Amino acid sequence: MTLAQRGRWITIGALMLLAGIYVRALRFTPVELTQGPAQKIFYLHVPAAWSAMLSMGLVGLASILFLIMKDARLDRFAAASAEVGTVFCCVMLTTGPLWARPIWGTWWTWDARLTLTLMLFFLFIGYQVLRGAVTDPRLRANYAAVVGICGLILLPFIHLSVYLFRTLHPMPIVLKPSAPSLPPEMLVTLLLSFGVFTLLYVGFVMQRYALGEGGSDA
Amino acid sequence: MRELLRHAWLIARKDLQLEFRSRTALASAFVFTALVLVIFEHGRDPTAVPTIDLAPSILWVTFSFAAMLGLNRAFQAELENQALDGLLLSPISRTSLFWGKLGANLVFVALVQVVGVLLFILFFNVPVWRVWLPFLLVCALATVGFIAVGTLFSAMVVRTRFAELMLPVLLLPFLLPPLIAAVAITVQLFAGRPLSESGGWLRLLAGYDLAFVSLTTLLFPATVTE
């Protein structure tokens with residue numbers, strides 16, 4: 001079985017599991033008291049955000065390793081990861097406003113996390129525009145790696161700067177110093193969804209990586 | 001280290017000499033700054049929004065746009081007659097080359113900022129001189145890190161398609177943290193608050209400068225491999 005085929009199977013499996021997550025979220029997970037059914041989008045939104053961050057993290061890591069080892073496979077992986085990350089960013093940036101409208105009463109607000117993810121989206125776009133504008137593959141790999149590393153370092157600064165500025169986004173509920181403040185059923189659904197989204201990421205990246213193996217990857 | 005700085009100075013001097021002789025980029029940046037300020041003045045309702053509330057944003061948007069103009073220039077000149085290859089072949093380290101370019105860009109942006117502030121005082125009647133020393137510090141801190149990233153990116157984008165368009169697309173996310181911090185501090189300063197109240201922002205700016213000046217210095221050799 002080729003890499004692309006394996007990637008496709010993983011993606012299909014993950015999509016089926018995602019459907020399962022939603023059966024669980026809608027049927028077997030309690031409805032949140034104040035937010036009502038709108039909260040159900042949380043099982044899509046938060047894991048998508050996680051996958052987008054994971055993509056950027058791995059783009060940065062692959063970029064650092066590329067500049068050290070000069071292995072074209074790392075560059076190809078970074079390209080694949082960035083493209084997949086853009087997709088997850090889109091999921092996150094569409095589900096977020098859908099939730100915010102009924103809960104916050106506004107589609108968008110300039111909160112720390114929202115601004116951060118929007119900038120992450122712009123970074124991904126810029127990264128890909130740059131890749132598209134360089135024809136020499138060696139030069140392209142170097143340039144993309146430089147932008148990838150700078151982007152990774154930039155994200156904490158954006159978060160910090162907007163955090164100092166203003167924030168309205170719900171505070172972290174799982175990854176925080178004290179114990180998670182979610183009821184156990186919700187937490188399990190969320191964690192399962194994290195797993196599924198990571199699997200989706202792997203499946204997408206494998207397919208995209210296989211596409212780039214022809215050597216004409218942009 | 002001394003050698004490094006001496007070479008950087010040589011590169012910066014060459015760039016600045018080139019600029020002062022032709023004055024194309026500098027002149028257009030001055031005119032651009034003036035134009036943006038005029039547009040801002042006419043793009044607001046003076047009876048609804050007091051100048052002082054809008055002043056910090058006007059100033060920093062003008063500065064960042066004008067800086068972007070200068071950045072494209074830095075490596076454009078080296079494309080002609082393969083001057084960059086000549087520079088790379090010369091016994092000058094890549095670090096010196098980068099610092100030289102960065103230095104020249106900083107001087108360029110500083111000149112534009114001086115003219116920008118003078119015009120700003122003239123047009124908007126904001127008493128910047130009362131806080132000139134802390135304001136100078138904020139300008140310097142907010143500009144250095146951002147221009148370092150810009151210099152690095154401009155070395156790459158000149159050799160891509162749509163170079164002039166590419167730079168803002170890549171650079172604007174990097175502009176966000178220094179811009180937010182600079183505007184926040186400037187608001188405080190213009191409102192007559194002491195600089196010590198903006199400690200968090202100053203630390204953020206200093207951290208940003210430190211991180212990106214060192215990172216870009218490290219990454220620059222990867223952009224000029226050929």
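The values are calculated or read from the model by the stated rules, or taken from the named source; none is laboratory data. This is a predicted model, so every value here is computed, not measured. When we count neighbours, we look across all protein chains shown, and the Cβ atoms used for this are built from the backbone with ideal geometry, even at glycine.
In table form, for the structure just shown:
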{"read-out": "Subset of the stretch B:208-218 [within 10 Å of chain A (Cβ to nearest Cβ) and touching a Gly at 6+ places or on another chain (Cβ under 6 Å)]", "value": "B:TYR208, B:PHE212"}
{"read-out": "Residue in the stretch A:163-183 that is within 9 Å of chain B (Cβ to nearest Cβ), surrounded by 19 or more Cβ atoms within 10 Å (Cβ to Cβ) and modelled with pLDDT under 85 present", "value": "no"}
{"read-out": "Number of positions in the stretch A:102-127 that are of a type in the set (Ser, Thr, Tyr) and within 10 Å of chain B (Cβ to nearest Cβ)", "value": "2"}
{"read-out": "Filtered residues of the stretch B:153-165 (kept if within 7 Å of chain A (Cβ to nearest Cβ) and buried (at least 24 other Cβ atoms within 10 Å of the Cβ))", "value": "B:MET156"}
{"read-out": "Any hit, the stretch A:45-60, residues being polar (S, T, N, Q) and over 29 Å from A:VAL129 (Cβ atoms)", "value": "no"}
{"read-out": "Condition broken by B:LEU205, with the remaining ones in (1) within 20 Å of B:PRO221 (Cβ to Cβ); (2) within 12 Å of chain A (Cβ to nearest Cβ); (3) not polar (S, T, N, Q) satisfied", "value": "(1)"}
{"read-out": "A:LEU26 under 21 Å from A:ILE103 (Cβ atoms), away from chain B (no Cβ under 14 Å) and part of a helix (DSSP H, G or I)", "value": "yes"}
{"read-out": "Enumeration of residues in the stretch A:45-75 that are crowded, with 22+ Cβ neighbours inside 10 Å and closer than 19 Å to A:ALA210 by Cα", "value": "A:SER55, A:VAL59, A:ALA62, A:SER63, A:PHE66, A:ASP75"}
{"read-out": "Any helices (runs of 4 or more DSSP H) falling wholly within the stretch B:12-115 and containing at least 1 residues that are among the small types (Gly, Ala, Ser) and either touching a Cys at 6+ places or on another chain (Cβ under 9 Å) or without any contact (Cβ under 8 Å) to a residue 24 or more places away in the chain (or both)", "value": "B:24-42, B:83-89"}
{"read-out": "Failed item in (1) within 14 Å of another protein chain (Cβ to nearest Cβ); (2) in a loop (DSSP other than H, G, I, E, B); (3) free of Cβ contacts under 8 Å to residues at least 12 places away in the same chain, with A:LEU65 passing the rest", "value": "(2)"}
{"read-out": "Qualifying position, being among the hydroxyl-bearing types (Ser, Thr, Tyr), over 22 Å from A:LEU116 (Cα atoms) and outside any helix (DSSP H, G or I), among B:THR225, B:THR186", "value": "B:THR225"}
{"read-out": "Every residue from the stretch A:21-35 that is touching a residue at least 60 places away in the same chain (Cβ under 8 Å) and surrounded by fewer than 14 Cβ atoms within 10 Å (Cβ to Cβ)", "value": "A:PHE28, A:PRO30"}
{"read-out": "Residue ID - farthest from the other protein chains (Cβ to nearest Cβ), chosen from residues in the stretch B:182-202 that are crowded, with 21+ Cβ neighbours inside 10 Å and without any contact (Cβ under 8 Å) to a residue 40 or more places away in the chain", "value": "B:SER198"}
{"read-out": "All positions within the stretch A:128-149 that are more than 8 Å from chain B (Cβ to nearest Cβ) and buried (at least 19 other Cβ atoms within 10 Å of the Cβ)", "value": "A:ARG131, A:ARG140, A:ALA141, A:ALA144, A:GLY148"}
{"read-out": "Test: residue in the stretch B:35-52 that is touching a Ser or Thr at 6+ places or on another chain (Cβ under 9 Å) and among the small types (Gly, Ala, Ser)", "value": "no"}
{"read-out": "Residues being among the polar types (S, T, N, Q), assigned to a helix (DSSP H, G or I) and more than 13 Å from the chain's Cα centre (by Cα) - total across the stretch A:96-121", "value": "1"}
{"read-out": "Failed criterion for A:THR135 (all others in (1) polar (S, T, N, Q); (2) modelled with pLDDT of 85 or more; (3) assigned to a helix (DSSP H, G or I) hold)", "value": "(3)"}
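The rows are residues; the columns are (1) within 11 Å of chain A (Cβ to nearest Cβ); (2) farther than 30 Å from B:LEU89 by Cα; (3) over 16 Å from the mean Cα position of the chain (by Cα); (4) in a helix (DSSP H, G or I).
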| residue | (1), (2), (3), (4) |
| --- | --- |
| B:PHE123 | no, yes, yes, yes |
| B:VAL138 | no, yes, no, yes |
| B:ILE147 | no, no, no, yes |
| B:LEU167 | yes, no, no, yes |
| B:PHE220 | yes, no, yes, yes |
